[in-house]
Each structure stands twice: as C-alpha cells, then as structure tokens.
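The structure appears right after this line, and notes come after that.
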2 protein chains.
Amino acid sequence: MNWISNSNIVIVGLGLMGGSYAKALTRLGYHVSAIDRDAEAIAFALENGSIERGAATPDAELLGRADAVIFALYPTAFRTWIADHQHLLKPGTYLTDVTGVKSCIVYDIQRMLREDVEFIAAHPMAGREVSGVRNADPRIFQNANYIVTPTDRNTPEAIEWCKALGRILGFGRISVLSPEEHDEMIGFVSQLTHCIAVALMTCNDNRHLVDYTGDSFRDLTRISRINETMWSELFLLNKTELIEQMDRFIEELKTIRAMLDADDREGLMDKMRLSTERRAYFDQ
Amino acid sequence: MNWISNSNIVIVGLGLMGGSYAKALTRLGYHVSAIDRDAEAIAFALENGSIERGAATPDAELLGRADAVIFALYPTAFRTWIADHQHLLKPGTYLTDVTGVKSCIVYDIQRMLREDVEFIAAHPMAGREVSGVRNADPRIFQNANYIVTPTDRNTPEAIEWCKALGRILGFGRISVLSPEEHDEMIGFVSQLTHCIAVALMTCNDNRHLVDYTGDSFRDLTRISRINETMWSELFLLNKTELIEQMDRFIEELKTIRAMLDADDREGLMDKMRLSTERRAYFDQ
C-alpha cells in the first residue's frame, strides 16, 4: 500500500492519540473511519469532520475495506481486540499502533496474527496532559519523535510504509529501534521521569508550598498530572526495565546524599559539572 | 530610610543577581554604585549605565555614603565581608542580601554586626541558567517570589523597607517566613529538585538518547545546567534540611518501586491520582 489519497484508514480507539491521527489523516485527504466503544467520541469526531464514518463496535464493513488499521488502544485491550476481531480484516492490510511499550506487545501480536496481514509497531512520542478525542490536536506531532520498532517478521515494505506514516503526520524525527532498545530508552527518558514527578508530588503534603514554587518545581512536576489507568499499565508492562532505571537513579541520589553528609564539596561539584556538560549536549 | 529617589544604594557582588538589582534600581531613579573584585564586571556595568560608580575593592567613600547595601555574594564571602569591612558603613544603614539559604547565615551576620546598622535578610527566588553581570536582567523578577526572613533582632521599619524593596523591583509575591521555614521550603522546592535534575543526568551516560528525549525529560533536566560553585555551597549550608528532603523522596520512590515489583496496580494508581490532584492545585 502506498500513501495515496484513496486509502481507507481505520482508527481503533478514538482518544487523544487516535483522534489526533484521525484529524491529521483526514486533512491530508485520506478516507478515515474510526471504531470506539464510546459512541459519544465517534459522534464528536463525525460532527467535527475528523472522520467519515464511525462505529461503536468492530464493524465488518469498515474493517473489511481498510487498507490500514491504526490501533490507539491500551496494550491489553489491543491484544484482546486482535484475538477477537482480526478475522474481519481483508488480506494485505497493514496494522500499526501507538503503544508506549513494545517488547511485551509486539511479539505477542505478531505471533497471534493471521499470515496474510502485517503488524508493524510504532511509538509516536507525543502527548498532552489532557486526554480524550475532544483534546485531539495534530500539532502535538510537530517536532516530536516517531519510532518504528520492527522485528524479524516485518517486511521492508511495511517498515517503509510505517516510516512514511510518521512523516506525513508531521513528526520531527523518524527513527528505527528494536523493541528492546525502545523499551530501555523509554524506561529512562519517559517512565522514570514520570515516576520522579509523581514521587515529588506524593512524598509529602506540599500544598502549603504553592506560593513559593518557582519554575524549577513546576517544570519537574508538570507531568505528575497523569492518566493513572494508562500509565500504570505502561509501567507494569515495562517493569523490569523501569525498575532497573529506578534503581540506578536511586543509587545516584544516594551517592549525592553521601557526599552532602561527608561535606564532600569537590564530589558535589564534579557531579554538577558532569550534569552541566551532558545537559549542554541536549541543548545543541 | 524611605524609598526616595535620592537614596544611595551600594550593591556588593555584581553577578547575575547583583547586576539585575542594579539595573532595576537605576531605572527607578536611585543612585546605584557597586563593588566587585572583578574590575571588568564593574566596567561593563558603568558602560551600560547600570551603575553610577563602582570599585573593585570595598571603597570607603562609596560605603560611607550608602543608605542601603545589598549583598549579592556567596554566603561564606558575605560573612567574611561583614567581618572585614562593616566599619566602613555609616550609622543607620540598612543591609539586605539575596542569599538562597537563611538559618546558617542570618543569625551569624546579625550577631557579628555593629549595633547601629541593621541586616534584614531576603531571598529573591529568581534566577537564570546563565550567570554573570552580562546576563543581568530585571525581568527575572516578574512574577517571581520574594521572601523576607526577619528574626527577633529586626525592627518593623526594616522589615517594611525590605518588603518595599521587593515590591519596587517588581516581584510578583512578597512574603515573610522565619529563616527555618524558609530553609525547609527551599530544601524541598528548589534544592531537592536540583539534586534530582543532576542525578538524572549523571546516573547513566545518556548522550545516545539525545534524539529520543521529549518535553518530559527536557523539563526535568533543564536545571541540571548548574553553577557548581554556588549550588554546592548552598547545598552544604542547608544540608540537614536537604538530606531530610532527599530521604523522604528516596523512600517514596522505593515505595513506588515496591508496588511495581509486586504488580500492585491499585497502589500505583492511588499514587498517580494523588499526584494529579495535588498538581492540579498548583495550576489554579
């Protein structure tokens, strides 16, 4: 399948991410439909023109005509959906997803999938602090990272198709990682940072400090407003990696604490010099 | 002393903060001089009109005419300066500072100070990731917090004067805390957050991840570009409080880690709900 304007695309799961995909792809001229058990979400997207058709249940006609299906579901719901409804897909359909964890889901889905359709996994690293189709906005893709995580089972054509999808959606950088590399990276840059932000808010009752918080505190806790259903699932599905990252971070904090305790000013300054030098690299 | 336009103000220490005070007060019509051992900093400020006069050593004439002296020095340098040069001040001078820690310095300074001058401590909670007079900019005071930390030795007049200083500089919120309340607060909202940012950058060699970092990681590490001389001194001067805050935070991270390990999804969701609720309070 090429990215041509008569492609029929079905989005399964019409939340913030599915809704943003729908809006972007409709604007680009594709025929976009959506399936979501929340009939109100479907009605909203139909009304504002993000989709051409919609259904609150896996609709045989919509799915039978799909050239591509994009799954924007929680990981466990994604697995169940494939088991129950994959027979509705036509041969040759490309499937992709937006799931934030990969090893635990990609191999499973590929193993259970029919031979005549192909699942190529991707992680659009974009989001907002709010959820739901009403907050959908394709601008979240601008300058964001889009990561394709193929396995041995994927064809070069599907990988190229998936990268092209990221490009037309407007992502700033398209890259390819193995599911394992992806999960290690995401455990550090995303999951550990969310754990830290949550712990900073919950480690003491800090509401009396609201008048004294400056940019630092606000920056570090912005992401502590979190969708607990989605993030607890993502954390647990990547828990081996996340726990390793947490352990490494806790050890480092303990090292800094020991330096403070020992009045080791040189040690503290070394840490600060290293952090300054590394962070400068991220600002280039 | 009232805030009238013929007041002579001397800034001791012409870095980012001292330079920003100088610029703001000169614009407001005060007669501002500065003392800094870095003759280039003085020359720069004279040239761009931030100060009327300057000296690279504690100048008897400048100090003898001062109605108010603002100390923008590192805490230890501040103590030494008072010991060595307070005899140059005229009776009735108000002294204030910008130091980021209070208990360890305020009582010391007040104890060693002459009876006929008064030190009223303040912490302007403003800053930038860059330092030096060349980066001075009074806009950093806008919407920022300004905290006056009086003790039993302070007069109501000096406290009012110090609050008025914060107001004319343009701070968004002026408040009064005891030195101990200040240090507890700052240990949490500022020092702990800087420790976390540094540890996140130093806990592993993450430069290969530069292409995958999104807003979350960048937000949490922005403050890891840090002036190691200043911050190591501030950390050590408030180490009892900072260590307590670190311990509480590490315990909380360990609790979350144990929940992950035990697949305690309800526990994780409770933490996330609490963080979301508390953070919403900070966005009001």
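The values are calculated or read from the model by the stated rules, or taken from the named source; none is laboratory data. Nothing here was measured: the structure is a model prediction, and the numbers come from that model. Cβ placement follows ideal geometry from the backbone for every residue including glycine, while neighbour counts extend to all protein chains displayed. The area values use the complete protein model at the heavy-atom level, side chains included, leaving out ligands, DNA and RNA. Shrake-Rupley method; radii C 1.70, N 1.55, O 1.52, S 1.80 Å.
Structure values in brief
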| item | result |
| --- | --- |
| Of all residues making up the range B:255-271, the number that are part of a helix (DSSP H, G or I) and at the interface with another protein chain (Cβ under 7 Å from one of its Cβ atoms) | 8 |
| All positions within the range A:163-176 that are more than 8 Å from chain B (Cβ to nearest Cβ) and surrounded by fewer than 24 Cβ atoms within 10 Å (Cβ to Cβ) | A:LYS163, A:ALA164, A:GLY166, A:ARG167, A:ILE168, A:LEU169, A:GLY170, A:PHE171, A:GLY172, A:ILE174, A:VAL176 |
| Among residues of the range A:134-162, those that are assigned to a helix (DSSP H, G or I) and either open to solvent by 30 Å² or more (accessible area, probe 1.4 Å) or more than 19 Å from A:THR93 (Cβ to Cβ) (or both), counted | 10 |
| Any hit, the range A:186-193, residues being open to solvent by less than 30 Å² (accessible area, probe 1.4 Å), in contact with a Ser or Thr (Cβ under 9 Å, 6 or more places away or on another chain) and more than 7 Å from every other protein chain (Cβ to nearest Cβ) | yes |
| Only listed residue being under 30 Å from B:GLU115 (Cα atoms), more than 7 Å from chain A (Cβ to nearest Cβ) and acidic (Asp, Glu), chosen from B:GLU251, B:GLU241, B:GLU181 | B:GLU181 |
| Unique residue being open to solvent by 30 Å² or more (accessible area, probe 1.4 Å), in a helix (DSSP H, G or I) and either at the interface with chain A (Cβ under 7 Å from one of its Cβ atoms) or without any contact (Cβ under 8 Å) to a residue 60 or more places away in the chain (or both) when the list is B:LEU274, B:LEU220 | B:LEU274 |
| Search result, residues across the range A:195-210 that are open to solvent by 10 Å² or more (accessible area, probe 1.4 Å), facing chain B (nearest Cβ under 7 Å) and of a type outside the set (Val, Ile, Thr) | A:CYS203, A:ASN204, A:ARG207, A:LEU209 |
| Test result for B:ARG248, touching a Phe, Trp or Tyr at 6+ places or on another chain (Cβ under 7 Å), open to solvent by 50 Å² or more (accessible area, probe 1.4 Å) and of a type in the set (Lys, Arg) | no |
| Filtered residues of the range A:13-34 (kept if more than 10 Å from A:ALA72 (Cα to Cα) and crowded, with 24+ Cβ neighbours inside 10 Å) | A:SER20, A:ALA22, A:LEU25, A:VAL32, A:SER33, A:ALA34 |
| Subset of the range B:163-195 [in a helix (DSSP H, G or I) and hydrophobic (A, V, I, L, M, F, W, C)] | B:ALA164, B:LEU165, B:ILE168, B:LEU169, B:MET185, B:ILE186, B:PHE188, B:VAL189, B:LEU192, B:CYS195 |
| Residue under evaluation A:VAL32, criteria (1) within 22 Å of A:GLU233 (Cα to Cα); (2) in contact with an Asp or Glu (Cβ under 7 Å, 6 or more places away or on another chain); (3) of a type outside the set (Gly, Ala, Ser), criterion not met | (1) |
| Every residue from the range A:11-56 that is touching a residue at least 40 places away in the same chain (Cβ under 8 Å), of a type in the set (Ser, Thr, Tyr) and closer than 15 Å to A:PHE71 by Cα | A:SER20, A:TYR21 |
| Any chance B:THR149 is within 14 Å of chain A (Cβ to nearest Cβ), over 18 Å from the mean Cα position of the chain (by Cα) and of a type in the set (Ser, Thr, Tyr) | no |
